[in-house]
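Right, one structure below, let's go through it.
The values are calculated or read from the model by the stated rules, or taken from the named source; none is laboratory data. Model, not experiment: these values are computed from the prediction. Here the Cβ positions follow ideal geometry from the backbone for every residue, glycine too, while neighbour counts run over all protein chains shown. Ligands, DNA and RNA are stripped out before the accessible areas are found, and what is left, the full protein with its side chains, is counted by its heavy atoms. Shrake-Rupley method; radii C 1.70, N 1.55, O 1.52, S 1.80 Å.
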Amino acid sequence: MGNNLQKAWDWVRKWILRPLLSMRTANLLMAVLALLCGVSSLIPQGEEAAFYAANYPGKSALIRGLYLDDVFHSWYFVALMGLLCLSMLLCTGRMLVKALRAGKNQVEWAAALPNTRTLRPGELEKLRRHMAAIRCRETEAGESLVFHKNGFGRFGSFLIHSAILLVVLFGIGALYLPQVQDVDCRVGESVTLSDGTEIEVLSFRMQDESGKLDYASEIRITLPDGQRSPVREIKVNVPASFGRVKVFQWTYGVGGAVSASNPVTGEEDLFELEEPVFLSEDGLTGVQVLGVYEARAEDGQDSYLFYQVRIVSNGTVMPDMQVQPGEEIRLGDWVFRFHEPYYPGLRAKIMPIPVSNSLLEIAMLLLLAGLFLSFYLQPVLVKADAEGYTVAGPRPEKMRLELEKLLAEPEEGDKA
Amino acid sequence: MTILFFVSLGLYALAFPVLLLSALLRRQPLKKAGWALFVLGLLCHLGYFVWRGFAAGRMPLSSQFEFACGLALGLALMLAVARTRVNGDWIAVAGAGATALVMGYAALQPMEINELMPALRSFWFSFHIGAAVFSYSSFLVAGCYALRYVVLHRRGEAPDSRRMRQLEYSSYRLVALGFLLLTAVIVIGAIWAEAAWSAYWTWDPKEVWALITWLIYAVYFHIRLRGQKSGYWLCWYVILAIPAFLFTFAGVNKLIPGLHAYA
Ligand code: HEM
């Protein structure tokens with residue numbers, strides 16, 4: 001039994017742990033993921049089947065069969081990401097152990113190292129002065145001197161990789177856990193989200209004080225437990241959070257509304273316009289509303305909104321005309337009334353926990369801190385005695401070059 | 001004031017052959033003249049950039065023209081700083097050539113000053129794009145160092161000479177700076193995207209290509225850390241990675257539609 005367990009463990013070590021702990025596997029995984037990302041940008045993602053049939057005749061079955069129409073949600077992309085994360089998790093654990101071990105007795109360890117470069121008389125003093133100038137601590141260990149600084153820099157790689165793992169973890173949470181709801185709401189009205197939160201729109205404007213296009217709404221959020229937020233202004237780029245709810249100024253276009261009423265029959269309908277429509281009873285006579293546009297007034301300062309409209313009478317299309325909000329058009333028995341354009345598009349995100357976004361943002365900052373630590377605060381560990389010196393530590397290159405330049409005769413090639 | 005842009009383009013374009021000649025003939029006066037032209041170009045460029053910023057009432061980094069102009073400025077500034085550190089004549093030649101090329105690309109783009117659309121009017125705008133400018137500049141200057149290494153290697157210089165190790169190390173340090181800044185670009189972009197589009201990541205082509213570039217350089221760090229590849233190999237890697245971020249910068253906007261199409 002024990003023998004079998006040992007065999008199984010050896011197998012796991014050889015075929016699972018060792019490959020996952022190897023940087024070669026990590027590189028391979030990253031290269032394949034980069035390649036798949038590249039492929040995804042050659043083929044438009046997430047379109048309907050008809051799109052691929054029309055644009056890639058003869059290849060659409062292959063594209064869909066290989067999930068090339070949605071690479072990022074394909075099983076193989078997710079599996080490769082999972083493997084990369086698993087590999088990173090194991091490597092990160094090993095990095096932490098290594099960094100903790102390296103911190104123990106590093107001065108004694110460095111002092112015992114043999115010299116790799118010799119020092120000429122007087123050079124030890126020069127080296128000492130240089131190390132003091134770059135603020136290294138000097139510790140005597142027997143016959144040797146050990147210069148060291150930035151010891152905590154050895155945690156840089158650990159921080160980088162653990163932060164990447166956290167970014168992936170919280171990132172997946174941030175992408176898939178919130179409930180997202182797009183709602184339309186007119187000024188003065190309110191909408192209720194699926195969890196019972198109510199959003200009331202108090203005002204909406206499309207320009208800032210200087211007349212620049214800028215969509216903004218004043219809203220008030222009431223949570224299901226009755227807690228009410230103060231009035232908050234939301235703008236493109238400036239959402240408002242309250243409790244677990246975050247509300248965004250969402251649609252960046254202008255919405256309009258036209259009501260069609262028939263005084264004879266008493267029929268009345270309200271049409272919210274998000275794209276061009278043809279309002280007609282028989283398909284031959286009616287009003288084609290092309291959109292709501294903004295124009296500068298004659299004084300060049302103010303701007304105003306108008307509906308671009310085309311009247312169709314018995315199939316004959318009249319020239320385009322501008323209709324001001326509040327105006328009416330009569331056509332046969334029908335009266336078309338053009339309402340004030342409004343801007344109703346809000347997006348509400350209900351987060352699983354109020355701090356879920358902050359967790360992700362902290363992980364991203366940790367990643368930057370890890371990179372800074374790893375690249376700019378690399379540990380320095382130099383042992384020197386009367387005969388020579390050696391540069392130790394996990395990233396000795398910089399110090400080696402620096403000391404060689406300091407102590408050597410100028411080289412012919414110093415000018416690169 | 002647009003004339004300032006063309007003057008600086010002209011000065012960079014002139015500096016390149018003068019610096020090239022100075023490096024070939026090893027003539028100090030020519031080198032000084034080349035640098036003087038380059039620095040003059042940089043000053044005009046800086047003047048134009050500042051003027052455009054005031055005229056637009058914002059950081060002038062929003063259209064392809066502005067971004068390319070900013071990238072060339074970042075490149076020229078980095079080169080000027082790199083020169084004070086490693087006095088590399090050939091690096092100046094490659095850098096001046098690259099600066100003139102990027103400026104030439106900018107000159108081919110529409111130059112009018114546009115009002116920023118609401119989604120771009122954000123606190124994060126300058127940081128996001130400013131970091132991208134300096135990230136790509138670092139990668140380009142790293143490429144210049146790597147190119148110098150490759151040329152020297154082909155001429156038979158020993159890879160363990162101090163000059164060669166310094167060149168390779170400088171190229172690595174610049175890639176590291178570029179990588180740190182690229183990570184900042186992605187992080188700031190994600191935070192901004194959440195505020196503007198409600199999602200940190202939407203697999204938009206520009207995001208995807210930034211990720212590809214990021215992964216390509218992450219692989220570079222690991223290969224370098226394993227220590228099994230020569231400096232020559234690593235320098236080729238840095239040179240061959242250049243098209244990846246150039247595509248992220250310009251190719252994506254021109255060839256692939258997406259949310260960043262206006263940039
Ligand atoms: C998205 C994925 C990854 C990124 C962006 C990344 C990035 C980095 C960076 C920037 C460094 C520091 C390089 C330097 O100082 O020159 C590094 C080091 C390292 N990485 Fe990764 N890495 C990733 C995945 C992995 C994985 C999956 C492994 C597992 C094998 C791994 C293992 C290592 C190791 C062992 C080091 C050296 C640590 C040290 O000696 O301090 N990395 N990585």
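Per-residue answers, yes or no, for (1) more than 30 Å from A:Gln249 (Cβ to Cβ); (2) modelled with pLDDT of 90 or more:
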| position | (1), (2) |
| --- | --- |
| B:Ser62 | no, no |
| B:Val86 | yes, no |
| B:Ala98 | yes, yes |
| B:Gly104 | yes, yes |
| B:Ile113 | no, no |
| B:Met117 | no, no |
| B:Leu120 | no, no |
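Answer with yes or no whether A:Leu96 is within 11 Å of chain B (Cβ to nearest Cβ) and touching a residue at least 24 places away in the same chain (Cβ under 8 Å). No: the conditions fail for A:Leu96.
Condition check: open to solvent by less than 40 Å² (accessible area, probe 1.4 Å), under 19 Å from A:His161 (Cα atoms), in contact (Cβ under 8 Å) with a residue 12 or more places away in the chain and facing chain A (nearest Cβ under 7 Å). Does B:Leu211 satisfy that? Full working, then the answer.
Details: open to solvent by less than 40 Å² (accessible area, probe 1.4 Å): yes; under 19 Å from A:His161 (Cα atoms): yes; in contact (Cβ under 8 Å) with a residue 12 or more places away in the chain: yes; facing chain A (nearest Cβ under 7 Å): yes.
Considered against the rule, which asks whether it is open to solvent by less than 40 Å² (accessible area, probe 1.4 Å), under 19 Å from A:His161 (Cα atoms), in contact (Cβ under 8 Å) with a residue 12 or more places away in the chain and facing chain A (nearest Cβ under 7 Å), B:Leu211 comes out as yes.
Do the conditions hold for B:Arg58, that is, is it open to solvent by 20 Å² or more (accessible area, probe 1.4 Å) and part of a loop (DSSP other than H, G, I, E, B)? Talk me through it step by step, then tell me what you get.
On the way: open to solvent by 20 Å² or more (accessible area, probe 1.4 Å): yes; part of a loop (DSSP other than H, G, I, E, B): yes.
Yes.
Determine whether region B:205-222 contains at least one residue that is acidic (Asp, Glu) and closer than 17 Å to A:Ala34 by Cβ. Within region B:205-222, one or more residues are acidic (Asp, Glu) and closer than 17 Å to A:Ala34 by Cβ.
Scanning region A:28-42 for residues that are open to solvent by less than 20 Å² (accessible area, probe 1.4 Å) and over 19 Å from the mean Cα position of the chain (by Cα) yields a single hit, A:Leu29.
Across region A:363-384, what is the total count of residues that are within 11 Å of another protein chain (Cβ to nearest Cβ) and either of a type in the set (A, V, I, L, M, F, W, C) or farther than 27 Å from A:Thr139 by Cα (or both)?
First, the residues of region A:363-384 that are within 11 Å of another protein chain (Cβ to nearest Cβ): A:363-376, A:378.
Now drop any that are not either of a type in the set (A, V, I, L, M, F, W, C) or farther than 27 Å from A:Thr139 by Cα (or both), which leaves A:363-373, A:375.
Matching residues across region A:363-384 total 12.
B:Ala158 falls short on exactly one of the conditions (1) open to solvent by 10 Å² or more (accessible area, probe 1.4 Å); (2) small (Gly, Ala, Ser); (3) facing another protein chain (nearest Cβ under 8 Å), and that condition is (3). Please specify each residue of region B:161-178 satisfying the condition of being within 18 Å of B:Tyr220 (Cβ to Cβ) and within 7 Å of chain A (Cβ to nearest Cβ). Hits for region B:161-178 are B:Arg165, B:Leu167, B:Tyr169, B:Ala176. Assigned by TED's automatic domain parsing to the domain that holds A:Val382, part of a helix (DSSP H, G or I), modelled with pLDDT of 95 or more and of a type in the set (A, V, I, L, M, F, W, C) - does that describe any residue in region A:146-156? No, every residue in region A:146-156 fails to be assigned by TED's automatic domain parsing to the domain that holds A:Val382, part of a helix (DSSP H, G or I), modelled with pLDDT of 95 or more and of a type in the set (A, V, I, L, M, F, W, C).
Here is a check on your reading of the model: is A:Asn150 in contact (Cβ under 8 Å) with a residue 40 or more places away in the chain, open to solvent by less than 60 Å² (accessible area, probe 1.4 Å) and at positive phi? Yes; evaluated as a whole, the condition is true for this residue. Take the conditions (1) away from the ligand (no atom under 16 Å from the Cβ); (2) part of a loop (DSSP other than H, G, I, E, B); A:Ser358 misses just one of them, which is (2). Restricting B:Leu9, B:Leu19 to residues that are modelled with pLDDT of 95 or more, in the same structural domain as B:Leu73 (by TED's automatic domain parsing), of a type outside the set (Asp, Glu) and surrounded by 18 or more Cβ atoms within 10 Å (Cβ to Cβ) narrows the list to B:Leu9. Considering every residue within region B:153-171, establish whether at least one is at pLDDT below 95, among the hydrophobic types (A, V, I, L, M, F, W, C) and within 19 Å of the chain's Cα centre (by Cα). Yes: region B:153-171 contains one or more residues that are at pLDDT below 95, among the hydrophobic types (A, V, I, L, M, F, W, C) and within 19 Å of the chain's Cα centre (by Cα).
Mind checking which strands (runs of 3 or more DSSP E) fall wholly inside region A:169-288 and carry at least 3 residues that are open to solvent by 50 Å² or more (accessible area, probe 1.4 Å) and acidic (Asp, Glu)? Give the steps one after another, and end with the answer.
Numbers: elements: A:179-184, A:190-192, A:198-207, A:213-222, A:232-235, A:240-242, A:245-249, A:256-262, A:267-273, A:277-280.
Answer list for region A:169-288: A:267-273.
Among the numbered conditions (1) of a type outside the set (Lys, Arg); (2) surrounded by 24 or more Cβ atoms within 10 Å (Cβ to Cβ); (3) modelled with pLDDT under 95, the only one that B:Gln109 does not meet is (2).
State yes or no: is B:Ser126 open to solvent by 10 Å² or more (accessible area, probe 1.4 Å) and in the same structural domain as B:Phe245 (by TED's automatic domain parsing)? Considered against the rule, which asks whether it is open to solvent by 10 Å² or more (accessible area, probe 1.4 Å) and in the same structural domain as B:Phe245 (by TED's automatic domain parsing), B:Ser126 comes out as yes. Does region A:133-164 hold any residues that are among the basic types (Lys, Arg), out of contact with any His (no Cβ under 9 Å at 6 or more places or on another chain) and more than 10 Å from the ligand (Cβ to nearest atom), and which are they? Selection gives A:Arg135, A:Lys149. Assuming B:Pro118 fulfils every condition listed in (1) facing another protein chain (nearest Cβ under 10 Å); (2) crowded, with 23+ Cβ neighbours inside 10 Å apart from one, which condition is it? Evaluating B:Pro118 over (1) facing another protein chain (nearest Cβ under 10 Å); (2) crowded, with 23+ Cβ neighbours inside 10 Å leaves (2) as the failure. Could you grab me the full set of residues in region B:192-205 that are open to solvent by less than 30 Å² (accessible area, probe 1.4 Å) and either more than 8 Å from chain A (Cβ to nearest Cβ) or touching a residue at least 40 places away in the same chain (Cβ under 8 Å) (or both)? The answer is B:Trp192, B:Ala193, B:Ala195, B:Ala196, B:Asp204, B:Pro205.
For region B:234-262, which residues satisfy the criterion of being farther than 17 Å from B:Trp203 by Cα and modelled with pLDDT under 80? Selection gives B:Lys254 alone. Would a scan of region B:172-193 turn up a residue that is within 30 Å of A:Glu404 (Cα to Cα) and charged (D, E, K, R)? Checking region B:172-193: at least one residue is within 30 Å of A:Glu404 (Cα to Cα) and charged (D, E, K, R).
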